[in-house]
């Protein structure tokens, strides 16, 4: 397939093809042990309520019980909230069974653990190529465009932040593009740039249950990850979390969250059985195993909305609302916003009601 040859070339140019073995990392650093996060929270809460232990003592106890230090803040935060609620309601009278009164406060915490693993990740070269075209990404003009817009993003106020982590973004309006979508996002830690990637905003919200977090080991600190789980508890999906640097704790401990899911389309063609009727029922999306990461999917969908989206005067594409299938409720459909640059469209013309097929890269974030 031509696209996979281009993908191989991008990886080759960026020095990702080598013969050295991958570094061996201890699985214990990235996977949960038999004790779950809710159990660690209960242990810490009981230590505060029944034994009066302070945060440092509890950290030592949690470390000895196998909890990785990356999760100390999450566990202590929930435990301290349980302690404050207990103290306000009881006046501080200790009882060994007290914690049972606060199980309701843990309803939004996972009853089964989210598996946390690691992967070498990507450098987003392919995603930039999806944004402005493969040909242009390897020209000086394409690299200068991305450099200029990323610098503009760095001068903007954060759209999301949490402690030292901040996410800034910029449109391409100053270089002739849209005043809104698409964007470039820049992640900083203590003001230092750590990651840059394309971002497609959407107002469409959907329910999501996280099952696995695949952190991208592109160096310390880890600010990027893919999150695998289920839309509305029924449809499997995996997406690159565009807000992971600031919201990683929420992904790790919440049982069900509302997310904004969108996609960058890698390639698109007209489907063989297209009837140009918006009522067509497509096959939906399924995992594409031709990539090393899990957020790539093959798809068949129906275009239900389309509008032009300029990056600048040389790179133009469109934002399409695509119906991927029926939702869990009668009369509801899975409709998501997507972006494609014109050079990746393998059809003479695209239009509303057209049944299309191709490949895409999912991205998403927690809905505010």
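Per-structure values
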| quantity | calculated |
| --- | --- |
| Calculated FRET value between residue 230 and residue 89, using beta carbons and R₀ = 56 Å, to 0.05 | 0.95 |
| Region 114-265: radius of gyration over Cα atoms, expressed as a fraction of 2.2 N^0.38 Å | 1.05 |
| Per-q log10 I(q)/I(0), region 244-305, q = 0.21, 0.23, 0.24 Å⁻¹ (Debye; single scatterer per alpha-carbon; no solvent) | -1.02, -1.10, -1.13 |
| FRET efficiency, residue 287 to residue 162 (Cβ-Cβ, R0 30 Å, nearest 0.05) | 0.50 |
| Per-residue Cβ neighbour rank within 10 angstrom, fewest leading, 360, 231 | 231, 360 |
| Per-selection Kirkwood Rh - region 261-361 (Cα, Å, 1 d.p.) | 13.8 Å |
| Antiparallel bridge percentage (DSSP; both residues within region 176-315; nearest 5) | 100 percent |
| Along each principal axis, Cα extent of region 120-199, largest first, Å | 39, 34, 18 |
| Percent RCO, i.e. relative contact order, over region 215-349, from Cα pairs under 8 Å lying at least 6 residues apart | 21 percent |
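Computed from the coordinates by the stated procedures, all read-outs in this text should not be read as laboratory data. Being a predicted model, the structure only gives us computed values, none of them experimental. We place every Cβ from the backbone using ideal geometry, glycine too, and count neighbours over all the protein chains shown.
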